[in-house]
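Q: Quick one: the structure is below, questions incoming.
The values are calculated or read from the model by the stated rules, or taken from the named source; none is laboratory data. Given the structure is predicted, the values throughout are model-derived calculations rather than measurements. Note that we place each Cβ from the backbone using ideal geometry, even for glycine, and neighbour counts take in every protein chain shown. We work out accessible area using only protein heavy atoms, side chains counted, and drop any ligands, DNA or RNA first. Shrake-Rupley method; radii C 1.70, N 1.55, O 1.52, S 1.80 Å.
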Amino acid sequence: MSEMTTEGRTRLNRLPEWAALGKHREQLAGTHLRDLFAADPERGTRHTLRVGDLLLDHSKHLVTDETLELLRDLAAATDVAGLRDAMFRGEKINTTEDRAVLHTALRAPRDAVIEVDGENVVPAVHAVLDKMAAFADKVRSGEWTGHTGKPIKNVVNIGIGGSDLGPAMAYEVLRAYTRRDLTVRFVSNVDGADLHEAVRDLDPAETLFVVASKTFTTIETVTNATSARTWLLTGLKAGQEAVAKHFVALSTNAERVEEFGIDTANMFEFWDWVGGRYSYDSAIGLSLMIAIGPDRFREMLDGFHLVDEHFRTAPPEENAPLLLGLLGVWYGGFFDAQSHAVLPYSHYLSKFTAYLQQLDMESNGKSVDRQGEPVDWQTGPVVWGTPGTNGQHAYYQLIHQGTKLIPADFIGFARPVEDLTPGLVPQHDLLMANFFAQTQALAFGKTPDEVRAEGVPEELVPHKTFAGNHPTTTLLADALTPSVLGQLVALYEHKVFVQGAIWNIDSFDQWGVELGKVLAKRIEPVLTGDGAAEGLDSSTAGLVSAYRALRGRE
Ligand SMILES: O=P(O)(O)OC[C@H]1O[C@](O)(CO)[C@@H](O)[C@@H]1O
């Protein structure tokens, strides 16, 4: 493998900054977090950043001041700041799709100027936001009525991937801000059970379908939308004319929307410079906006923007997304960490990690660099996790005492959402005691001597010992507000960006999802009986044949 990429950039693991980190890692071997804290009583406070409403404690990481300096040197050598500025300027940094990457424009203030191909995109962003707000207000007030004149009581968002995970996650996160008399559901799976369960107790006359698809060609979404249309028209005993009052579209593809039968007056537009997994603050957030109201939605956008500005302007030593990105590069590159856990201590964040899985894994799950050459360093980790205390009684055992290094983010809030939801059971301090205890246990563990001092029989000492030294980030905010949600999401978006920049991969394409789609299209006619089974490998052919037999088609 050559030292240089085809564009004359030194390959990541041939950089002197990479080598310096490797050497430093060897020197750190055997250093325990216990030692680092003992050597520096101020460590906890020194290794804390503030970004907007977020307090970020990174003291429980396997790093010294020197590590952080070396990591920042690596960021400088790989020109993270240059790529960041190019992104904010609207340059086409998604090179394999020849597209700008401008989700940051979706939350830019009205007077901002951000150009793509010489055109300022900000006025169009705000025009769509205003159109969304007017529509959301009409639905919320009952002014928008269905075909029979009844107001809308149910909103069903149909979309998948970025057209589902973002709004579905944010709807859960901000449930305390939603109206209880409006049902909002999300359908994504092409398994008909998803749509069936979502609509079976709904009155079609009171139901609005929001069909969310950037391309409007995604088979799962088009199939679900078609079935939903049949359900609606059958239920209403009405013809195609009923569709206009019960279907709206969120898309970049007006032609396909029209073909489907949705009036383009009821289409909310976005643009090819918004990646699917970066899109829920675009028109894709319409269902969320209907649920929480336009004012709350705008608060969320302000939260995003606050972190965008932080990422764009904060010096490297204080730049939170840069720091989080670098820590991931450190563990993947020099500790061979394969995964990264995100563990929220808020029930409302139950879908947050699932959302981050697409954001991170679809962005950075790549094995060739921007020049198309294979990488020989770790890229994106497996991202996983569920709300904290549930995980404690499931997989935390492995994090504490297993053989794998799993860096983890702990996310918690000082003020319970019960402040907003009268009557919610007041258990917040217990939840947060667990939150603080876990990162403490992971970092410091319990030595064999400490175990012995408790009178534990010698043969059980190894079993009850906790090695500790497990790295964690703690993110603490006052309360889970719309703005804080925006801040959190932007923090992770930019962390993913930093890592992609350092690994020299295109974080904004997703070619890896294509093959399965093409093969499914080929296999479907074989399952239903019209297609020939030729060309299938013996395993797939056998499975397809077994399926056909079980369906009585052989
Ligand atoms: O919004 P669309 O075009 O229906 O695409 C849905 C999802 O499919 C993907 O293209 C591939 O999974 C995602 O990137 C995207 O979020």
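Q: Residue check, Thr474 against (1) out of contact with any strand residue (DSSP E or B) (no Cβ under 6 Å at 6 or more places or on another chain); (2) more than 30 Å from Val375 (Cβ to Cβ); (3) not in a loop (DSSP other than H, G, I, E, B), all met but one. Which one?
A: Going through the list (1) out of contact with any strand residue (DSSP E or B) (no Cβ under 6 Å at 6 or more places or on another chain); (2) more than 30 Å from Val375 (Cβ to Cβ); (3) not in a loop (DSSP other than H, G, I, E, B), Thr474 breaks only (1).
Q: Give the range 278-300 a look and list any residue that's touching an Asp or Glu at 6+ places or on another chain (Cβ under 8 Å) and open to solvent by 10 Å² or more (accessible area, probe 1.4 Å), or say none.
A: Selection gives Pro294 alone.
Q: Residues to consider are Ala238, Ala176; find the one that is open to solvent by less than 50 Å² (accessible area, probe 1.4 Å), aliphatic (A, V, I, L, M) and modelled with pLDDT of 95 or more.
A: When all the criteria are applied, what remains is Ala238.
Q: Filter the range 264-319 down to residues that are assigned to a loop (DSSP other than H, G, I, E, B) and within 16 Å of the ligand (Cβ to nearest atom), then give me how many there are.
A: Looking only at the range 264-319, we keep the residues that are assigned to a loop (DSSP other than H, G, I, E, B), and these are 270-275, 279-282, 293, 314-315, 319.
Add one more test, that the residue is within 16 Å of the ligand (Cβ to nearest atom), and what stays is 270-275, 279-282.
Counting residues in the range 264-319 that are assigned to a loop (DSSP other than H, G, I, E, B) and within 16 Å of the ligand (Cβ to nearest atom) gives 10.
Q: For the subset of the range 179-190 comprising residues that are within 16 Å of the ligand (Cβ to nearest atom) and open to solvent by 70 Å² or more (accessible area, probe 1.4 Å), which member is farthest from Asp295 (Cα to Cα)?
A: Let us first name the residues in the range 179-190 that are within 16 Å of the ligand (Cβ to nearest atom), namely 186-190.
Filter again for open to solvent by 70 Å² or more (accessible area, probe 1.4 Å), leaving 189-190.
On the way: Asn189: 31, Val190: 33 Å.
Across the range 179-190, the extreme among qualifying residues is Val190.
Yes/no per residue for (1) in contact (Cβ under 8 Å) with a residue 40 or more places away in the chain; (2) over 30 Å from Arg11 (Cα atoms); (3) of a type outside the set (Lys, Arg):
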{"site": "Ala479", "(1), (2), (3)": "yes, yes, yes"}
{"site": "Ser483", "(1), (2), (3)": "yes, yes, yes"}
{"site": "Leu491", "(1), (2), (3)": "yes, no, yes"}
{"site": "Gln499", "(1), (2), (3)": "yes, no, yes"}
{"site": "Val513", "(1), (2), (3)": "yes, no, yes"}
{"site": "Gly516", "(1), (2), (3)": "no, yes, yes"}
{"site": "Ala532", "(1), (2), (3)": "no, yes, yes"}
{"site": "Leu536", "(1), (2), (3)": "no, yes, yes"}
{"site": "Ala546", "(1), (2), (3)": "no, yes, yes"}
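Q: Now for a different question. Exactly one condition in (1) touching a residue at least 40 places away in the same chain (Cβ under 8 Å); (2) more than 16 Å from the ligand (Cβ to nearest atom); (3) not in a helix (DSSP H, G or I) is false for Asn157; which is it?
A: (2)
Q: Turning to a different aspect of this structure: May I ask you to list the residues in the range 101-135 that are of a type in the set (Lys, Arg) and either open to solvent by 60 Å² or more (accessible area, probe 1.4 Å) or in contact with a strand residue (DSSP E or B) (Cβ under 9 Å, 6 or more places away or on another chain) (or both)?
A: Of everything in the range 101-135, those that are of a type in the set (Lys, Arg) and either open to solvent by 60 Å² or more (accessible area, probe 1.4 Å) or in contact with a strand residue (DSSP E or B) (Cβ under 9 Å, 6 or more places away or on another chain) (or both) turn out to be Arg110, Lys131.
Q: Another question about this same structure. Taking Asp509, is it acidic (Asp, Glu), surrounded by 12 or more Cβ atoms within 10 Å (Cβ to Cβ) and either more than 16 Å from the ligand (Cβ to nearest atom) or in contact (Cβ under 8 Å) with a residue 40 or more places away in the chain (or both)?
A: For Asp509, the condition - acidic (Asp, Glu), surrounded by 12 or more Cβ atoms within 10 Å (Cβ to Cβ) and either more than 16 Å from the ligand (Cβ to nearest atom) or in contact (Cβ under 8 Å) with a residue 40 or more places away in the chain (or both) - is met.
Q: Search the range 241-261 for residues being open to solvent by less than 10 Å² (accessible area, probe 1.4 Å) and within 12 Å of Thr148 (Cα to Cα), and hand back the single one that is farthest from the chain's Cα centre (by Cα).
A: Ala242
Q: Only one of these is of a type in the set (A, V, I, L, M), surrounded by fewer than 18 Cβ atoms within 10 Å (Cβ to Cβ) and either at positive phi or assigned to a helix (DSSP H, G or I) (or both): Ala479, Ala443, Ala433. Name it.
A: Answer to the check: Ala433.
Q: Could you list all residues from the range 228-246 that are of a type in the set (A, V, I, L, M, F, W, C) and away from the ligand (no atom under 16 Å from the Cβ)?
A: Filtering the range 228-246 for residues of a type in the set (A, V, I, L, M, F, W, C) gives 228, 231-233, 236, 238, 242-244.
Within the range 228-246, Trp231, Leu232, Leu233, Leu236, Ala238, Ala242, Val243, Ala244 meet the criteria.
Q: Is it the case, given these coordinates, that Ser363 is touching a Lys or Arg at 6+ places or on another chain (Cβ under 8 Å) and either within 26 Å of Gly332 (Cα to Cα) or open to solvent by 10 Å² or more (accessible area, probe 1.4 Å) (or both)?
A: Working: touching a Lys or Arg at 6+ places or on another chain (Cβ under 8 Å): yes; either within 26 Å of Gly332 (Cα to Cα) or open to solvent by 10 Å² or more (accessible area, probe 1.4 Å) (or both): yes.
So Ser363 fits the description; yes.
Per-residue answers, yes or no, for (1) crowded, with 16+ Cβ neighbours inside 10 Å; (2) aliphatic (A, V, I, L, M); (3) touching a residue at least 40 places away in the same chain (Cβ under 8 Å):
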residue: Glu7; (1), (2), (3): no, no, yes
residue: Glu17; (1), (2), (3): yes, no, yes
residue: Arg25; (1), (2), (3): yes, no, yes
residue: His32; (1), (2), (3): yes, no, yes
residue: Thr48; (1), (2), (3): no, no, no
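Q: Going by what's in this entry, would Asp130 be described as out of contact with any Lys or Arg (no Cβ under 7 Å at 6 or more places or on another chain), more than 16 Å from the ligand (Cβ to nearest atom) and outside any helix (DSSP H, G or I)?
A: It is false that Asp130 is out of contact with any Lys or Arg (no Cβ under 7 Å at 6 or more places or on another chain), more than 16 Å from the ligand (Cβ to nearest atom) and outside any helix (DSSP H, G or I).
Q: Could you list all residues from the range 193-227 that are within 15 Å of the ligand (Cβ to nearest atom), open to solvent by less than 40 Å² (accessible area, probe 1.4 Å) and part of a helix (DSSP H, G or I)?
A: Once the filter is applied, which keeps residues that are within 15 Å of the ligand (Cβ to nearest atom), open to solvent by less than 40 Å² (accessible area, probe 1.4 Å) and part of a helix (DSSP H, G or I), the range 193-227 yields Thr221, Asn224, Ala225.
Q: Quick one: count up the residues across the range 160-177 that are within 13 Å of the ligand (Cβ to nearest atom) and over 17 Å from Gly275 (Cβ atoms).
A: Selection size over the range 160-177: 1.
Q: I've got another one for you. For the range 325-356, give me the residue count where each residue is within 17 Å of Leu485 (Cβ to Cβ) and assigned to a helix (DSSP H, G or I).
A: 8
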